[in-house]
Amino acid sequence: MKILAVGRNYLEHIKELGNQTPEEPVIFSKPETAVLRNNEPFYYPDFSQDVHHELEIVLKISKPGKNIEEKFAHKYYDEIGLGIDFTARDLQSKLKAKGLPWDLAKGFNDSAPVSEFVKKENYDLKNLNFNLDINGERKQTGNTSLMIYSFDYLVAFVSRYFTLKTGDLIFTGTPAGVGPAKPGDRLTGRLAHRGLLDLEVK
Ligand code: MG
């Protein structure tokens, strides 16, 4: 199982980090050991003082495929969920400044908590709200209509490079409002008002 993720898929988030709008999706991956399930607590890593939350909608691949055409991409995932792309922002900034890969900042243990998955047909994928509260305060609000690259475009795009296998996860990018998560915080994520994520930072 692998985790593929897209960076810079929501304009407001690109602006808040001062990044350039990409001409193609910015893709990175996280190892399987990054996955954290069942709302288990996230233990703050000792190599960072600035771990940021990035709430994202996650697609779960339902059958193998490569070189998938965009018009058929919807057949390759039938469930969606929420995930947090935890990012050691201090480490990432250092690596980016040197032009080095982000793996340490993005792929560390438990850096990819994911919620339970729900059937996609119950949701309007082109106009889907999702949000993140920390300790009851709204921090991130997103809507899929604001994505630069759609779910189907992303599935088709990554499948040109990586053969997708059943169970693979695709993180589809974070909206604006990213910021630090601290020990003691409780992160709750909703997908169209349905609470799916509820995890504590320790
Ligand atoms: Mg992200």
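Restriction of the trypsin sites (Lys or Arg not before Pro) in segment 1-66 to DSSP coil positions whose beta-carbon has at most 13 other beta-carbons within 10 angstrom yields R37, K66. Size descriptors for the chain, from the alpha-carbon set: Rg then Dmax equal 15.6, 44 Å. Antiparallel beta bridges, as assigned by DSSP with both residues in the chain, represent about 85 percent of the total such bridges. In this structure, D90 and N135 have a Cβ-Cβ separation that, at R0 = 30 Å, corresponds to a calculated FRET efficiency of about 0.85. For segment 52-69, the Karplus equation 6.51 cos²θ - 1.76 cosθ + 1.60, evaluated at θ = phi - 60°, returns couplings of 9, 8, 9, 6, 9, 7, 10, 9, 10, 5, 10, 7, x, x, 9, 6, 6, 6 Hz by residue, with Gly and Pro reported as x. Amide H contacts of Y43 (H built 1.01 Å from N, in plane; Pro and chain starts excluded): K202 sit under 5 Å, all sequence-distant by 5 or more or on other chains.
Of the cross-linked pairs K2/K119; K2/K71; K71/K126, those separated by over 19 Å at the C-alpha level are K2/K119; K2/K71. Here the peptides 67-80, 141-154 are ranked by packing, the mean other Cβ count within 10 Å, and the order with the highest first is 141-154, 67-80. Evaluated with a Cβ-only charge set (Lys, Arg +1; Asp, Glu -1), the chain carries a dipole of roughly 300 debye about its Cα centre, given to the nearest 20. Restricting segment 128-192 to trypsin sites (Lys or Arg not before Pro) that sit in a DSSP loop and have at most 15 other Cβ atoms within 10 Å of their own Cβ leaves R160, K165.
For segment 104-145, the fraction of alpha-carbon pairs lying more than 17 Å apart is 57 percent, rounded to a whole number.
Coordinate-derived values only; no laboratory data. Note that the coordinates shown come from a computational prediction; the quantities given were computed from them, not determined experimentally. Because the Cβ atoms are built from the backbone with ideal geometry, glycine has one as well, and the counts that use them run over all protein chains shown.
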